[in-house]
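One structure is given here, and the rest of the page talks about it.
The values are calculated or read from the model by the stated rules, or taken from the named source; none is laboratory data. This is a predicted model, so every value here is computed, not measured. All Cβ positions, glycine included, derive from the backbone under ideal geometry; neighbour counts span all protein chains shown. Note: areas computed on protein heavy atoms with side chains; ligands, DNA, RNA excluded. Shrake-Rupley method; radii C 1.70, N 1.55, O 1.52, S 1.80 Å.
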Amino acid sequence: MNEKIETLKQEISQYAVTNTDELEQYRLRFISRKNVIGDLFSEMKTVAAEERKAMGVRLNDLKNSAQDKFKELIASLEDQQNGQPDDVPDLTLPPIPDSLGSIHPLTQIQNRVVEIFEQMGFNVAEGPEIETDWHNFTALNFPPNHPAREMQDTFFIEKNPDIVLRTHTSSVQVRLMESEKPPIRAIMPGRVYRNEAISARAHCVFHQVEGLYVDRNVSFADLKQTLLHFAKELFGAETKIRLRPSYFPFTEPSAELDIWWGTETEADRRVTKGTGWLEIGGCGMVDPNVLENCGIDSEEFTGFAFGMGFERIAMIKYQIKDLRLFTENDVRFLKQFRAFN
Ligand code: DAH
C-alpha cells in the first residue's frame, strides 16, 4: 500500500498537460468519483488496525495534492492558450508618468550667457581648474607676496606651492593670450575654488564667466556698451548698469559692474543695502603688464576684460536667497526651474 501511494505521488507531481484531453485524463484518473485514490481508500480494510490511522493521513495527503495539482494544470493550460505566462506585464494598464529632469539653474544661466556673447561674436574657451601660480596670479600682475593675492583665499597644493586650484577664470585669459594672436574675443565659463567657509553667501566652489577682447583700439566705451547690451539681454530691456571705480591687479582702470534693481519695496532696499544697485562682477581695461606677460605688444594692442559669478546672477534673476541650494540637489528646488528650460 505504501508503495502504491509513493508511485501515485510521483506520477501526480510529474504530470503535465498541453491540451484539454490530457487534462480530462488526469481528472478521470485522480479526481473523478471512481479514481485511483478512491480505490486505495477501499483497500484500507486490509490494513492492520494499528497502521490504519497513519495510512489514512497519507492517503488524505495524496488526495489533497491530486486536487491542488488539478488546479495548477487548469491554470497552466489557460496560460498556454492565452499565450501569456503570469510574469508578462499587462500592456493594457495606463502608463506611470515619467518624471523628467530639468536643466540645473546654473547651467541655464551659463547657456544663456554663452548665447548672448556668441551673438556678439565671442568664442567660448576653457582652461584647467588645477592651475599654475603663473596663470592664476603672476601673469595677471599679482607680484609674489603682493597683498592683492589675499583678495582671494586660495587652495594650494601642500607639496608644491606653485600649483593652485584656480581662484578665478581670469587664468584662462592668460592661456588664451599666450596661445593666440589678437584679435581675441572670447568668454571663458568655468568652475573656481576659494578657501572659504560655506554659508548662505559664500561657497568654496562656484562658477564664473570671464570675458576678454583684445585688438587694436579697444576702448572703455566698447567695454561699457558690451556689458550694457549683455545686461539688457539677460535681465530685460529696461535694465540699467553702472560702472563703479575699483581695483584689480590685472586691469587699469578697473570697475565693479552693478545692475539697477530698484528701491521700491522694503525687500528691494534690503537686498541692495539701500542703494538700489546690485554688483554682478568686475571689469576693466587689460593692464599693459598683463598683455606684455602674455607676449602681446601693449603699444599696438589694447583690451578689455570682465568677470562675473553665475551663482550671483542666478540669485538675482530668480531671487534665490541661499547659495547652498545650488548644490543640495533638492528636487523641490530644482523642479521650479523646469519652466525656464
Ligand atoms: N577675477 C575677478 C574675481 O574673481 C573678477 C574680474 C574682475 C575679472 C575684473 C576680470 C576683470 O576679467 O577685468 O573677483
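Out of the stretch 36-114, which GluC sites (Glu not before Pro) are coil in DSSP terms and have no more than 11 other C-beta atoms within 10 Å?
none
At 25 °C and a viscosity of 0.890 mPa s, what translational diffusion coefficient does Stokes-Einstein give for the stretch 126-220, taking Rh as the Kirkwood radius over Cα pairs? Give it in µm²/s as a whole number.
172
Could you state the number of Å between the C-alpha centres of the stretch 164-230 and the stretch 240-298?
13
Please name whichever of VAL47, GLN81, VAL57 sits farthest to the positive end of the charge dipole of the stretch 2-83, dipole taken about the Cα centre and charges placed at Cβ: Lys and Arg +1, Asp and Glu -1.
Farthest along the dipole direction, towards plus: VAL47.
Which of ASP162, ASP287, ASP21 ends up with the largest GNM mean-square fluctuation for the chain, with Cα atoms connected below 10 Å?
ASP21
May I ask you to list the trypsin sites (Lys or Arg not before Pro) in the stretch 1-99 that are in a DSSP loop and have at most 10 other Cβ atoms within 10 Å of their Cβ?
Answer in residue order: ARG33, LYS34.
Taking every DSSP beta bridge with both residues inside the chain, roughly what % is antiparallel (nearest 5)?
Bridges in the chain that DSSP calls antiparallel: roughly 95 percent.
Of all alpha-carbon pairs in the stretch 139-191, indicate the percentage at a distance above 12 angstrom.
In whole percent, the share of Cα-Cα pairs in the stretch 139-191 beyond 12 Å is 72.
Compute the Kirkwood hydrodynamic radius of the stretch 2-83, taking the inverse of the mean of 1/r over all pairs of distinct Cα atoms, and give it in Å to one decimal.
Its Kirkwood hydrodynamic radius stands at 13.6 Å.
Just add up the charged neighbours of PRO249: K/R +1, D/E -1, any other residue whose Cβ is under 12 Å from the Cβ of PRO249.
-2
When a/c reaches 1.5 or more, the comparison of a/b and b/c decides; with that in mind, is the stretch 196-286 rounded, prolate or oblate per its Cα gyration tensor?
Oblate shape, in that a/c is at least 1.5 and b/c is the bigger or equal ratio.
How long are the semi-axes of the ellipsoid equivalent to the chain, from square roots of 5 times the Cα gyration tensor eigenvalues, in whole Å, largest first?
Semi-axes from the Cα gyration tensor: 84, 23, 20 Å.
Which of the trypsin sites (Lys or Arg not before Pro) found in the stretch 156-240 are in a DSSP loop and have at most 11 neighbouring Cβ atoms, other than their own, within 10 Å?
LYS159, ARG216
Taking all protein chains in place and a 1.4 Å probe, what share, in percent, of the accessible surface of the chain do carbon and sulfur account for?
51
Which whole-number value in Å² is the accessible area per residue of the chain, probe 1.4 Å?
It amounts to 58 Å² per residue over the chain.
Would you work out the charge dipole size for the chain about its Cα centre, treating the Cβ of every Lys and Arg as +1 and the Cβ of every Asp and Glu as -1, and quote it to the nearest 20 debye?
With only Lys, Arg, Asp and Glu charged at Cβ, the dipole is about 1200 debye.
Could you work out the equivalent-ellipsoid semi-axes for the stretch 257-341, taking the square root of 5 times each eigenvalue of the Cα gyration tensor, largest first, in whole Å?
The equivalent ellipsoid of the stretch 257-341 has semi-axes of 35, 20, 10 Å.
Checking the table LYS181/LYS317; LYS159/LYS181; LYS4/LYS53; LYS181/LYS232; LYS224/LYS273; LYS240/LYS335 against a 28 Å threshold on Cα-Cα, which pairs fail?
As for pairs spanning more than 28 Å Cα to Cα, those are LYS181/LYS317; LYS159/LYS181; LYS181/LYS232; LYS240/LYS335.
Go through SER170, LEU212, MET308 and say which Cα lies farthest out towards the positive end of the charge dipole of the stretch 105-340; charges sit on Cβ, +1 for Lys and Arg, -1 for Asp and Glu.
MET308
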